[in-house]
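The next block holds one structure in the form of structure tokens; read it before the comments.
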Amino acid sequence: MNKPFQFKQFTVNQDQCAMKIGTDGVLLGAWTSVEQHPFSILDIGAGTGVLSLMLAQRSHAEVIEALEIDDSAYEQCVDNFEQSPWNDRLFCYHASLEEFAEEIEDQYDVIICNPPFYSETFKTKSKQRDLARFQDAMPFEHLIESVAVLLSESGLFSVVIPFSEEQQFIAMASNAGLFPKRITRVKGSPASELKRSLIEFTYSKTEVETSELIIETERHHYTKDYIELTKDFYMKM
């Protein structure tokens, strides 16, 4: 798991990061809209920096900034940025989201985040304890409040969360004046349950465009939709 992850146009070292490259991040990086030709992008909780790197490949944004609080992950992110073809457009801050939101006066056209959360497999029988553990990593409320400060007026906020948290997250976001524009719900196979929600928020209330994405028809047999979404990144797609 510690081996460098080789994408088509860049490599990501991940031996210093708790959060390894996973399907959630790659889906989010490929799914996030860059149709409005963003000038500035912010990646919250960057980890390896994979989301920033994917958006650097997909867009002409001149400012792509990442935020990482963990020392080792921050150093690895900086290193991955420096070794990439887009190192002149990428920058990582070593700070907490709270500090950053208070100090930075800039606003961003796209904010992207793959927040840490406990996977459903770790759930215990105590609902309260699960909620506390779940919210520990980066409380959703705190994330949303910061995004509401940092997002430009016509900007997009793009996030991946467990499907089970979708309604609660949307309710919190609407309290902060952010409304869903696009939702794609993800399941591993046709028969499996919905696992993740990819959600794009804006400040304006519009009709929500919803879709469903299935990753595999059977083990290692990927669906056309999944291949289409990730083919610019994965070596074998």
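Restricting attention to region 63-76, the residues being outside any strand (DSSP E or B) and over 15 Å from the mean Cα position of the chain (by Cα) number 8.
Can you confirm whether Ile111 is β-branched (Val, Ile, Thr), farther than 18 Å from Gln16 by Cβ and more than 17 Å from the chain's Cα centre (by Cα)? Here the answer is no, as Ile111 does not meet what is asked.
Out of Glu193, Glu207, Glu166, I need the residue that is of a type in the set (Asp, Glu) and farther than 25 Å from Asp109 by Cα. Which one?
Within the list Glu193, Glu207, Glu166, the selection yields Glu193.
Look at region 218-234: where a residue is within 17 Å of Gln6 (Cα to Cα) and a partner is of a type in the set (D, E, K, R) and in a helix (DSSP H, G or I), sitting 6+ places away or on another chain with Cβ atoms under 8 Å, you get Asp232/Arg58. Can you run down the residue pairs with Cβ atoms below 6 Å, 6 or more apart or on separate chains, where the first is in region 71-91 and in contact (Cβ under 8 Å) with a residue 12 or more places away in the chain and of a type outside the set (A, V, I, L, M) and the partner is outside any strand (DSSP E or B) and open to solvent by 50 Å² or more (accessible area, probe 1.4 Å)? Close Cβ pairs (under 6 Å, with a partner that is outside any strand (DSSP E or B) and open to solvent by 50 Å² or more (accessible area, probe 1.4 Å)) amount to Ser72/Gln16; Tyr74/His94; Gln76/Gln16; Phe81/Asn87. Has region 215-228 got at least one residue that is closer than 30 Å to Thr11 by Cα, in a strand (DSSP E or B) and of a type in the set (A, V, I, L, M)? Looking through region 215-228, none of the residues is closer than 30 Å to Thr11 by Cα, in a strand (DSSP E or B) and of a type in the set (A, V, I, L, M). The set of residues in region 88-113 that are part of a loop (DSSP other than H, G, I, E, B) and either modelled with pLDDT under 95 or open to solvent by 80 Å² or more (accessible area, probe 1.4 Å) (or both) comprises Asp88, His94, Ala95, Ser96, Ile104, Glu105, Asp106, Gln107. In region 26-62, of all residues being within 11 Å of the chain's Cα centre (by Cα) and part of a loop (DSSP other than H, G, I, E, B), the one that is surrounded by the fewest Cβ atoms within 10 Å (Cβ to Cβ) corresponds to Gly45. Residues that are under 23 Å from Ser40 (Cα atoms) and among the basic types (Lys, Arg) within region 155-185 comprise Lys181, Arg182, listed in sequence order.
If we keep just the residues of region 158-203 that are of a type in the set (Phe, Trp, Tyr) and part of a helix (DSSP H, G or I), which is least open to solvent (accessible area, probe 1.4 Å)? Among residues in region 158-203 that are of a type in the set (Phe, Trp, Tyr) and part of a helix (DSSP H, G or I), the one least open to solvent (accessible area, probe 1.4 Å) is Phe169.
The values are calculated or read from the model by the stated rules, or taken from the named source; none is laboratory data. Since the model is a prediction, treat every value here as computed from it, not as a measurement. A quick note on method: Cβ atoms are made from the backbone with ideal geometry, for glycine too, and the neighbour counts reach across all protein chains shown. Ligands, DNA and RNA are excluded from the accessible area calculation, which covers all protein heavy atoms including side chains. Shrake-Rupley method; radii C 1.70, N 1.55, O 1.52, S 1.80 Å.
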